[in-house]
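Trainee: Please see the structure below; I have some questions.
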Amino acid sequence: MCRRQLGSAIVDVTSIAKPVTGAAGRFFAGVGLLLRGIGLYVRSPGLMLLGVVPALISGAFFVSAFAALVWFVDDLAALVTPFADDWSGTWRGLVRVVAGLAFLGLGGLLGVLTFTAVTLVIGDPFYEKISERVEERLGGTPGAVDVPFWSSLRRSLADSVRLVALSVLVGIPLFLAGFIPVVGQTVVPVIGAAVGGWFLAVELVGAPFYRRGMRLPERRSLLKADRPTALGFGVAVFVCFLIPLGAVLVMPAAVAGATLLARRSLGQSIQES
């Protein structure tokens, strides 16, 4: 049996990663964790509404930024395709539409991930309380450690910056691939949703892992042990965040669902006691 020491907990990684229901089943189990988070949202409206406030603050900024991108996307598309200036109107227009879609795709991916990072930092006390309340309903937090607020906020900020920087490095090849006809408008968006979903899952489970004294490498390692479930949860959140106002309304439920995902990845109960 393969056991790994993470923080103050010993986790049986082999049993967690065992494909009991198959990859597809575990992917939809991850989607189900977000749905359960929404259910917890409905049952604790007062607490969850507090979680909407920081999402509204950062959401207003990111919606404005994306609107500016949409406004200037034609100019940006022309800027990166000077080689098409002498082409016929039809081909020049087609190339610049593809370039514009690539810009919007990259902007959407980075916007969702950056929005999540900024919102988690702004609303850290609210989301920490939401996550704690979920864990209380599930029997408490095994292996909890006392982490001072400012220390937790500093670690959360540092880890969020690392994740956003990594997402930029991944996003650039996806942006370039967006120029490939057909593939760039079909396969690349699917890959982008999967990449974005993975980063969202890693980012959103921060609070319950910090509560156990675990940092970014440890939570990433545990989520990899059951990647389909993490992807199912993350992709579901990513799609919801792309819907107008979806990021603001779903953010507290995503934090609740991420707490369930963290407990599942640690082999702890996700059934209410």
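The values are calculated or read from the model by the stated rules, or taken from the named source; none is laboratory data. Everything numeric here is computed off the predicted structure, so don't read it as measured data. Quick reminder, even Gly has a Cβ in these numbers, built from the backbone with ideal geometry, and neighbours come from all protein chains shown. Just the protein is used for accessible areas: all its heavy atoms, side chains included, with ligands, DNA and RNA removed. Shrake-Rupley method; radii C 1.70, N 1.55, O 1.52, S 1.80 Å.
Trainee: Residue by residue through the stretch 200-235, note down the ones that are part of a loop (DSSP other than H, G, I, E, B), in contact with a helix residue (DSSP H, G or I) (Cβ under 9 Å, 6 or more places away or on another chain) and modelled with pLDDT under 90. Let's see the steps before the verdict.
Mentor: Of all residues in the stretch 200-235, those part of a loop (DSSP other than H, G, I, E, B) come to 205, 211-215, 226.
In the following step, the residues that additionally are in contact with a helix residue (DSSP H, G or I) (Cβ under 9 Å, 6 or more places away or on another chain) were identified as 205, 211-212, 214-215, 226.
If the condition is that a residue be part of a loop (DSSP other than H, G, I, E, B), in contact with a helix residue (DSSP H, G or I) (Cβ under 9 Å, 6 or more places away or on another chain) and modelled with pLDDT under 90, then 211, 212, 214, 215 are the ones that fit.
Trainee: Separate question: Restricting the search to the stretch 133-173, which residues are at pLDDT 80 or above and open to solvent by less than 30 Å² (accessible area, probe 1.4 Å)?
Mentor: Passing the criteria: 134, 135, 138, 140.
Trainee: What tally of residues in the stretch 204-219 results from selecting those that are open to solvent by 10 Å² or more (accessible area, probe 1.4 Å) and on the phi < 0 side of the Ramachandran plot?
Mentor: Step one: of the stretch 204-219, the residues open to solvent by 10 Å² or more (accessible area, probe 1.4 Å) are 207, 210-211, 213, 215, 217-218.
Checking the rest, the ones that are also on the phi < 0 side of the Ramachandran plot come to 207, 210-211, 215, 217-218.
Of the residues in the stretch 204-219, 6 are open to solvent by 10 Å² or more (accessible area, probe 1.4 Å) and on the phi < 0 side of the Ramachandran plot.
Trainee: Right, another one. Can you report the number of residues in the stretch 190-201 which are of a type outside the set (Phe, Trp, Tyr), buried (at least 20 other Cβ atoms within 10 Å of the Cβ) and without any contact (Cβ under 8 Å) to a residue 40 or more places away in the chain?
Mentor: Looking only at that region, the number is 0.
Trainee: Consider residue 183 carefully, then state whether it is modelled with pLDDT under 85 and within 21 Å of residue 52 (Cα to Cα).
Mentor: On the way: modelled with pLDDT under 85: yes; within 21 Å of residue 52 (Cα to Cα): no.
Spelling it out, it is not the case that residue 183 is modelled with pLDDT under 85 and within 21 Å of residue 52 (Cα to Cα).
Trainee: Need pairs with beta-carbon distance below 7 Å; first residue surrounded by fewer than 20 Cβ atoms within 10 Å (Cβ to Cβ) and β-branched (Val, Ile, Thr) and within the stretch 254-273, second outside any helix (DSSP H, G or I) and modelled with pLDDT of 95 or more; sequence gap 6+ or separate chains.
Mentor: Correct list of pairs: empty, since none qualify.
Trainee: Identify, from the list 187, 250, 239, the residue that is in contact (Cβ under 8 Å) with a residue 12 or more places away in the chain, assigned to a helix (DSSP H, G or I) and surrounded by fewer than 21 Cβ atoms within 10 Å (Cβ to Cβ).
Mentor: On the way: 187 fails: in contact (Cβ under 8 Å) with a residue 12 or more places away in the chain; 250 fails: surrounded by fewer than 21 Cβ atoms within 10 Å (Cβ to Cβ).
After applying the criteria, what remains is 239.
Trainee: Report whether or not residue 44 is at pLDDT below 90 and open to solvent by 20 Å² or more (accessible area, probe 1.4 Å).
Mentor: Working: at pLDDT below 90: yes; open to solvent by 20 Å² or more (accessible area, probe 1.4 Å): no.
Spelling it out, it is not the case that residue 44 is at pLDDT below 90 and open to solvent by 20 Å² or more (accessible area, probe 1.4 Å).
The rows are residues; the columns are (1) in a helix (DSSP H, G or I); (2) under 25 Å from the mean Cα position of the chain (by Cα); (3) among the aromatic types (Phe, Trp, Tyr).
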| residue | (1), (2), (3) |
| --- | --- |
| 79 | yes, no, no |
| 91 | yes, no, yes |
| 100 | yes, yes, no |
| 111 | yes, yes, no |
| 115 | yes, yes, yes |
| 119 | yes, yes, no |
